[in-house]
1. Using θ = phi - 60° and the Karplus relation 6.51 cos²θ - 1.76 cosθ + 1.60, list the HN-Hα couplings for the stretch A:239-253 in order, rounded to whole Hz, with x at every Gly or Pro.
2. Is any residue of the stretch A:37-78 close enough, with backbone N under 19 Å, to a label point placed 7 angstrom from the Cα of residue A:153 along the Cα-Cβ axis, and if so, which?
3. Using 0.36 nm times the number of residues separating residue D:43 and residue D:272, minus their current alpha carbon distance, what extension gain do you get?
4. Count, for each residue of E:42-51, the Cβ atoms from other chains sitting within 10 Å of its Cβ, then give me the mean as a whole number.
5. Please get the size of the charge dipole for the protein assembly as shown, origin at its Cα centre, with Cβ charges of +1 on Lys and Arg and -1 on Asp and Glu, quoted in debye to the nearest 20.
6. Which of rounded, prolate or oblate describes the protein assembly as shown when judged by the alpha-carbon gyration tensor and an a/c cut-off of 1.5?
7. Would you please give the FRET efficiency between residue A:81 and residue A:256, computed as 1/(1 + (r/R0)^6) with r the Cβ-Cβ distance and R0 = 45 Å, to the nearest 0.05?
8. Which trypsin sites (Lys or Arg not before Pro) from the stretch E:42-134 combine a DSSP loop assignment with at most 14 other Cβ atoms within 10 Å?
Amino acid sequence: MKRLSIRNLHVSLVAGIIAAMTMQTASVAAPQSATDTITIERSKILTQPGVFGVFTMFKLRPEWNKVPATERMDSAAEVAKLIEKHKDNVLVDLYLTRGLETNSDFFFRINAYDLAKAQTFMREFRSTTIGKNADVFDTLVGVTKPLNYITKAKSPELNAGLSAATYIGDAPRYVIVIPVKKNAEWWNLSFEQRLKEMETHTVPTLPYLVNVKRKLYHSTGLDDIDFITYFETNDLIAFNNLLISLASVPENKYHVRWGNPTTLGTILSPENVIKALSE
Amino acid sequence: MKRLSIRNLHVSLVAGIIAAMTMQTASVAAPQSATDTITIERSKILTQPGVFGVFTMFKLRPEWNKVPATERMDSAAEVAKLIEKHKDNVLVDLYLTRGLETNSDFFFRINAYDLAKAQTFMREFRSTTIGKNADVFDTLVGVTKPLNYITKAKSPELNAGLSAATYIGDAPRYVIVIPVKKNAEWWNLSFEQRLKEMETHTVPTLPYLVNVKRKLYHSTGLDDIDFITYFETNDLIAFNNLLISLASVPENKYHVRWGNPTTLGTILSPENVIKALSE
Amino acid sequence: MKRLSIRNLHVSLVAGIIAAMTMQTASVAAPQSATDTITIERSKILTQPGVFGVFTMFKLRPEWNKVPATERMDSAAEVAKLIEKHKDNVLVDLYLTRGLETNSDFFFRINAYDLAKAQTFMREFRSTTIGKNADVFDTLVGVTKPLNYITKAKSPELNAGLSAATYIGDAPRYVIVIPVKKNAEWWNLSFEQRLKEMETHTVPTLPYLVNVKRKLYHSTGLDDIDFITYFETNDLIAFNNLLISLASVPENKYHVRWGNPTTLGTILSPENVIKALSE
Amino acid sequence: MKRLSIRNLHVSLVAGIIAAMTMQTASVAAPQSATDTITIERSKILTQPGVFGVFTMFKLRPEWNKVPATERMDSAAEVAKLIEKHKDNVLVDLYLTRGLETNSDFFFRINAYDLAKAQTFMREFRSTTIGKNADVFDTLVGVTKPLNYITKAKSPELNAGLSAATYIGDAPRYVIVIPVKKNAEWWNLSFEQRLKEMETHTVPTLPYLVNVKRKLYHSTGLDDIDFITYFETNDLIAFNNLLISLASVPENKYHVRWGNPTTLGTILSPENVIKALSE
Amino acid sequence: MKRLSIRNLHVSLVAGIIAAMTMQTASVAAPQSATDTITIERSKILTQPGVFGVFTMFKLRPEWNKVPATERMDSAAEVAKLIEKHKDNVLVDLYLTRGLETNSDFFFRINAYDLAKAQTFMREFRSTTIGKNADVFDTLVGVTKPLNYITKAKSPELNAGLSAATYIGDAPRYVIVIPVKKNAEWWNLSFEQRLKEMETHTVPTLPYLVNVKRKLYHSTGLDDIDFITYFETNDLIAFNNLLISLASVPENKYHVRWGNPTTLGTILSPENVIKALSE
């Protein structure tokens, strides 16, 4: 009897292998590695697929207060120099969380075509004066990929809605990073079922695109989460309403982690982040 | 078949987008940012919507005991001076938890029309003598919003009950802060269902309004909770009975977090909080 | 349709408010605050309702070993003096856990008619030599209340059983503290259902009253638990059997926390606890 | 109606009390306390009921590396002397976990007829040079009791199987300690149901008794677990297969904790454990 | 009635014991211990059953920055010397995680025929300069075993697929370690059911074998997990797709732990790992 079931399995196995191989050929074609001579352009790297994102949250140790004031003040220049040194390898953003978060004072977002280069930058930061006086509280690693659900082909009306909406608010002063993990039930839904849930998820977000900018990194297997969702806004009440809307759709029932931690910070130049922490 | 279901989806999608956009126009109209010349008035800022609340719980490090006694004693004045400096930006309350809590010795409640200004105050506090000798144990961020469920229009009898009840006890000596997070099932209920549950939740609270003052901040998306509930009372047995009543209604079944931590402290002037910790 | 359901709700709302107000009038009548001239009598304060209990678990830091031996030895006298100073405000018990627990070396049980006075004692303890060298691992706050379920009126036979049973063992050498939290399902049961479950819970405890003394504090809203259960015994195998009996009734299915931590210690005079830790 | 149900309850209550009192008379008769003049014999204390077991896991602090080498080397003798001093009160075993565990470097198993004496030994260890440089990571407290399920009377075939099986491997080099906690559903099963599950649990263990030695301590109420399971083996692949067998029976569905932590170490004399950590 | 059920049990008990003993005879025959004169060959030890794997994740303490630069620089040679000393006992791999992980800077994978020898190596590493300045964050212990489900006999087509697939990418630059624990429901499935689920699990992995290398260690009872899954790849987007595929099969519903932590690092020689951390 067991033989039989194996034999029956045969057909679907072979079909499955072929299907999987085809899928994979397409999905691996992202521009992952031959990146040595690429210069980093902000507008390009922030919109392309196949780009790695490393978020690292830091908390200053009490010893930082005992570093001589002049040395602390020189930190902004030291970090600026490090960013300049790596500017052909990584795009560096820095945010201030002290006063709004428990476990971090500042955090990095590094974008890179080659993950090893992001690692090298973050490793070298650890040897700067401020890096030596800070503990890593959290690290999130992900990679950008082409749109999956709300594409022109699969969900034309909503795709049009997304394309039409543009951020029209003042320059965002706030950043929010929310890691997401979905449960086994979600991943075992058929693609059609997940598409339907993501459409229901997307509808209430449309009106907020005028107030909130969004970006998505995929993390399954690279980290203990499935997605890193990144937001910028100048209107935190709109953002609060957006997140209530996202809580109120069935897709939310598939979350095993949504936040934990949510990180809320302010958007400043790297220099000003370090200066604010050096006073 | 998939085409068809997408097409069927079309009508509800468009309707949904319109509905969502309408909703959002109303809800974002809170007075969030143009606040530069506003002076902070306690009675106003504590009753208006669109006000940010930042709660920060601190625990003194053992090193605090080694700070020279005179320097410790000067801390109350140093903090008072900082509060004075920021008095046009933030309203500062300070509470004593040492002796009643494990993870904190004191905590701040900052109210501000502009969240960035609350952040600046809390960041500068970290550079005071006592701030340098304390670790942040918890930070809660929320914003006040207009009443949602028990309004004059939606629940007139209960709204009248709420309006009629007034605190008549002695000046409260105790403060309790309880963060709240509700699950996906709650947020996926219809508004009518949630209104019904909140009415059932509100009824048993009415008799306690003579003994307990309450205030609510909304946190979804700004923090890993949905609400910060803040209480003042002079009658902790009444408060215990109130919370048992709130535990005994169906709405409690939707909580994924209710407390954890509950913070219980005493209400003192900022000067007296710091002095109590400097002895 | 909604109007209608609200209108239907009206009658029960008003009834509910009246019922709740009546209940509350009775339950708040405990002797909470006017306590300034009360002297603390052990036999009274340990049997009255309306008494606050503060349990604080402490763990010595490694630095304690570096405090000069004479200073360590003087600690017992210093703590005795502090207890004497506060003897009209709080009843102080101290227990030794070093060797039996991971996260504490000793713990306090403070009983007080006024919670703020318990806070003041615990705050001043933190400034003693041993207090400065110890970290708080846990704090539990509760208040005693009149019997709720197994009263003469509601459960006469069991109440008689409880009254008849007396501790007849040797003086207890061991103390066990077990915090308890029940889930929303429990609190949403009717009083009759909870009474029935508490009767089933009480029956198997009766034979152990000869070996185990018990005391209960209520914590809902004052802390992240519902109850602090406190036990003294000289027969730990009887205690183990008692707790297996309590695990084996349906009421146990409503626990979300039962222990975590369970604290097991030995009963000694405050002086001997401090001396044991000073050697 | 309520009166009636109480009245109906009456009969079963009285029966329950009598039954419980009878049970308790039997179970408390273990030789718990009058132990002052008993000498500890390894072969006896490790097989008797009514013996307390205290497991304490320790992790060396980084400061241990700064203790002068000669002082570190003297530690083995200092601990040996302490063991000798207490040899009439406790049986001391010591195991090496450094290199195999994250949170401990070594652990004690103390067997004692009187728990307070185990506490005294562990407290005095904390004042030795190595004890002062180590943090307690975990403490497990339990007590041995007579066989409950697989007895000659209740499960004769399996009892015979257990009696017939003997360890025939080389002297065990490895120790494994696995704490166990069962859920409320388990404890609410009837004794017959639990007996049936324990029989199903026991069957697959029989073949491994030639490779694995086992010992059980009961912890309900003394600690936040129900059992401490202790194993010795020289064949870790057999042990892995045994634990897979135990995972594969229905009784495993009632575990709320099984391990967490599992502690794996090597069996050495106390002297050699301390020496290995002093190099 | 109970007697009867026991008697009925008798037959299956005896059958079970015999079956279990037979099984065990086979499975324990792995070459576990008589290993004193075996030289370690990388290609052999990494493919044989009965080999223990110890993964140890380390995080440098802040004090590492204060070790004199020359001493830090000598660390690579010191570790190389230690590896050389133990080369007949253990195979040592070292990976760099600083910059990509929160809780570790580097980790070891030790392969050994005798677990005690892996322990000795790891213990001696703790006495090197870098070992003394690092904390263990995690330790995973497992053992290799023969294929269980997708064998030539039990699942011939899939086994052929596995055998045919070969890694054809560039030399892997990245390593990922993911611990796995399955729930009681999984282990209570029949072997046939588990085989079926593992076949469904294996199908989507086949296309990725050209990009991703895999290795499996079994941990039940040796650690608080069931498996250690180890991956090497040079294509992290393919790896992300592979893990999404594995999340999307029913077997994922039986995971109680999958990752937590996932560890992502880069593959370098031991010397280069230590050097990168010594700069």
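1. Per residue, the Karplus-derived 3J(HN,Hα) values read 5, 4, 5, 4, 5, 5, 4, 6, 6, 9, 10, x, 3, 4, 5 Hz.
2. Of the residues in the stretch A:37-78, A:49-50 have backbone N under 19 Å from the label point off residue A:153.
3. 80.2 nm
4. Whole-number average of other-chain Cβ neighbours for E:42-51 is 0.
5. Dipole of the protein assembly as shown, to the nearest 20 debye: 2560 debye.
6. It comes out rounded by the Cα gyration axes.
7. Using R0 = 45 Å, I get an efficiency of 0.60.
8. Counting only loop positions with at most 14 other Cβ atoms within 10 Å, the trypsin sites (Lys or Arg not before Pro) in the stretch E:42-134 are E:87.
Laboratory data are not the source of any read-out in this text; all were calculated from the coordinates shown. Because the structure is predicted, anything quoted here is derived from the model rather than measured. Every residue, glycine among them, receives a Cβ derived from its backbone with ideal geometry; neighbour counts consider all protein chains shown.
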